[in-house]
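The values are calculated or read from the model by the stated rules, or taken from the named source; none is laboratory data. Since this is a predicted model, take the numbers as computed values, not measurements. Ideal geometry is used to build each Cβ from the backbone, glycine not excepted, and the neighbour counts take in all protein chains shown.
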Amino acid sequence: MLWRNDKLGPGIMVDESCKVLTHSGPTVGCALLDQWLSTSSSSFDSGSVILDIAWEGTEGELWVGVVGRNFNPTSFGKEAFFPRAIDGKDEIPTDLANVFHSATGRYYSKGSDKLAGRLCAFGRRSQPQRCQLELSMRELMMQANLIDMRAAKAAVDGITASVKVDGLKPEVAVCVAFGGQKEGSKCTVRVVGSSTEKTGRSMASKDWDGDKSSGSAPIEMDEETRIATELS
């Protein structure tokens, strides 16, 4: 899976490899990976991706998760991701999204803050900076794993927190959404590795980043499409 470059929200750029996404500026913007996972018998129904998050300057707002197919025709801007507000103050993601707020670990599903799906905070300098999403469309389920490379020496796979949530839309793509940032600040989200699979069949696609200088590289995938990371 790679970042789409045919449609991007405000303030977002993608490099030539389509693996590295960068956001800067005061506007809200969204970006999607290029693979839709679906309950359809002719589509990939299982997938996994590891995203590496890095900030320059002041750390801002970031949401990571999936959106349903009906999000695709929107502008990928603020009015699409935050279509309404609570009491005119707290912006909440669209009900087309199942996303985690990196600064708080809060989980939003169908326009509501779900206590049962909360993670710890991630993505900032003092926190786990890699987020792995594992998707199963047969179960309409997503599992989010936080990977802290600083803790990897003491852990089997570097995973420091994990949560499993359900209730996904029948067709989804991985999404990131950025809040407005202060001048001189930017956020980069890199695809470290990914896989897609049609469960129980030979139809599969894998794209692993094998550069050990990045800290880790996925080295195997079991039948549940789970990424393991090789410790450097």
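Yes/no matrix, rows are residues, columns are (1) under 18 Å from VAL28 (Cβ atoms); (2) among the charged types (D, E, K, R); (3) touching a residue at least 40 places away in the same chain (Cβ under 8 Å):
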position	(1), (2), (3)
GLU61	yes, yes, yes
PRO73	yes, no, no
GLY77	yes, no, yes
THR104	yes, no, no
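Any residue at all in the stretch 43-55 that is buried (at least 21 other Cβ atoms within 10 Å of the Cβ), assigned to a loop (DSSP other than H, G, I, E, B) and in contact (Cβ under 8 Å) with a residue 24 or more places away in the chain? Scanning the stretch 43-55, I find at least one residue that is buried (at least 21 other Cβ atoms within 10 Å of the Cβ), assigned to a loop (DSSP other than H, G, I, E, B) and in contact (Cβ under 8 Å) with a residue 24 or more places away in the chain, so the answer is yes. When restricted to residues that are within 16 Å of LEU140 (Cα to Cα), of a type outside the set (Lys, Arg) and surrounded by fewer than 20 Cβ atoms within 10 Å (Cβ to Cβ), the stretch 56-72 contains 0.
Residues in the stretch 19-34: is at least one hydroxyl-bearing (Ser, Thr, Tyr), farther than 21 Å from LYS164 by Cα and buried (at least 22 other Cβ atoms within 10 Å of the Cβ)? Yes, some residue in the stretch 19-34 is hydroxyl-bearing (Ser, Thr, Tyr), farther than 21 Å from LYS164 by Cα and buried (at least 22 other Cβ atoms within 10 Å of the Cβ).
Counting residues in the stretch 5-18 that are touching a helix residue (DSSP H, G or I) at 6+ places or on another chain (Cβ under 7 Å), closer than 25 Å to GLY105 by Cβ and not aliphatic (A, V, I, L, M) gives zero.
Selection within the stretch 117-169: residues that are over 23 Å from GLU61 (Cα atoms), surrounded by 18 or more Cβ atoms within 10 Å (Cβ to Cβ) and modelled with pLDDT under 90. The member of this set that is farthest from the chain's Cα centre (by Cα) is ALA152. Which of the residues spanning the stretch 12-32 are at positive phi and out of contact with any Pro (no Cβ under 8 Å at 6 or more places or on another chain)? Scanning the stretch 12-32 gives a single hit, CYS18. Could you list, in sequence order, all residues of the stretch 96-116 that are assigned to a loop (DSSP other than H, G, I, E, B) and either crowded, with 24+ Cβ neighbours inside 10 Å or among the aliphatic types (A, V, I, L, M) (or both)? Listed by number, the residues that qualify are LEU96, SER102, ALA103. Among residues of the stretch 132-145 that are under 19 Å from CYS120 (Cα atoms), those with a Cβ under 6 angstrom from a residue that is hydroxyl-bearing (Ser, Thr, Tyr) and surrounded by fewer than 23 Cβ atoms within 10 Å (Cβ to Cβ), sequence gap 6+ or separate chain, pair up as ASN145/SER162.
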